[in-house]
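The values are calculated or read from the model by the stated rules, or taken from the named source; none is laboratory data. Bear in mind the structure is a predicted one, so any value in this text is a computation, not a measurement. A quick note on method: Cβ atoms are made from the backbone with ideal geometry, for glycine too, and the neighbour counts reach across all protein chains shown.
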Amino acid sequence: MKYSKIKSVLALLAISSTLLISCNKTEKNEVVTEAPVETVTNDVDDAAKQDTIKITLNGNDKMQYDLSEIDVYEGQTVVLTLNHTGTMPAASMGHNFVLLKNGTDLEKFEAEAAKNQKDGYIPTDTSEIIARTKLLGGGESDTITFQAPEKGTYDFLCSFPGHYSMMKGKFNVK
Ligand SMILES: [Cu+2]
């Protein structure tokens, strides 16, 4: 008699613990499905609201920038950092970022830049330049701050001789 009572108590315990486990499982599953896993944000809208926009541009030993387009908004203060992620010196694989006014003849600009090695391949006439970094070698960085020009599409390039054919892009002011 006593033994069978214990047996039934054990059976009850087993049933209730099974119920508890299945309850827990259901709750856990519900929590997982209901909780938002990722918050969806619109980067473009967020960027447009900021007074300052930070841009990071990298240049490597293969004569490449990692961005072909840069988007900013009219009136923003642009804080642009150029990193030379390679190891080659500025003398053989120098990189800079030069933002040019609309209508600049890139080929002509490059030809003038190539003549002026002592100034980091920046032409003596700088009237077509909106903003620029220093000429960097591997491992170096330069950060510049400037006001975004008026709405439009501008060219940026690396003015080191021969680089702009590969190292150039569009700077879009929206
Ligand atoms: Cu370059």
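Residue 100 fulfils the conditions (1) more than 16 Å from the ligand (Cβ to nearest atom); (2) modelled with pLDDT of 95 or more; (3) closer than 27 Å to residue 50 by Cβ except for a single criterion, (1). Residue 163 passes every criterion in (1) out of contact with any Lys or Arg (no Cβ under 8 Å at 6 or more places or on another chain); (2) surrounded by fewer than 19 Cβ atoms within 10 Å (Cβ to Cβ); (3) of a type outside the set (Phe, Trp, Tyr) apart from (2). Only one entry in 149, 161 is under 17 Å from residue 76 (Cα atoms), in the same structural domain as residue 92 (by TED's automatic domain parsing) and more than 19 Å from the chain's Cα centre (by Cα), namely 149. Counting only residues that are within 10 Å of the ligand (Cβ to nearest atom), part of a strand (DSSP E or B) and farther than 14 Å from residue 169 by Cβ, segment 82-97 holds 1 of them. For segment 155-169, the count of residues that are away from the ligand (no atom under 16 Å from the Cβ) and either out of contact with any helix residue (DSSP H, G or I) (no Cβ under 6 Å at 6 or more places or on another chain) or within 19 Å of residue 64 (Cβ to Cβ) (or both) is zero.
Residue 22 is checked against (1) modelled with pLDDT under 90; (2) closer than 30 Å to residue 174 by Cα and fails just one. What number does that condition carry? The number of the failed condition is (2). Residues in segment 89-105 that are in contact (Cβ under 8 Å) with a residue 12 or more places away in the chain and surrounded by fewer than 17 Cβ atoms within 10 Å (Cβ to Cβ): 89, 91, 101, 102. Counting the residues of segment 56-81 that are within 10 Å of the ligand (Cβ to nearest atom) and in a strand (DSSP E or B) gives 2.
For residue 140, are the conditions met, namely being within 15 Å of the ligand (Cβ to nearest atom) and at pLDDT 95 or above? Spelling it out, residue 140 is indeed within 15 Å of the ligand (Cβ to nearest atom) and at pLDDT 95 or above. Residues that are among the polar types (S, T, N, Q), surrounded by 14 or more Cβ atoms within 10 Å (Cβ to Cβ) and without any contact (Cβ under 8 Å) to a residue 60 or more places away in the chain within segment 76-88 comprise 83, 85, listed in sequence order.
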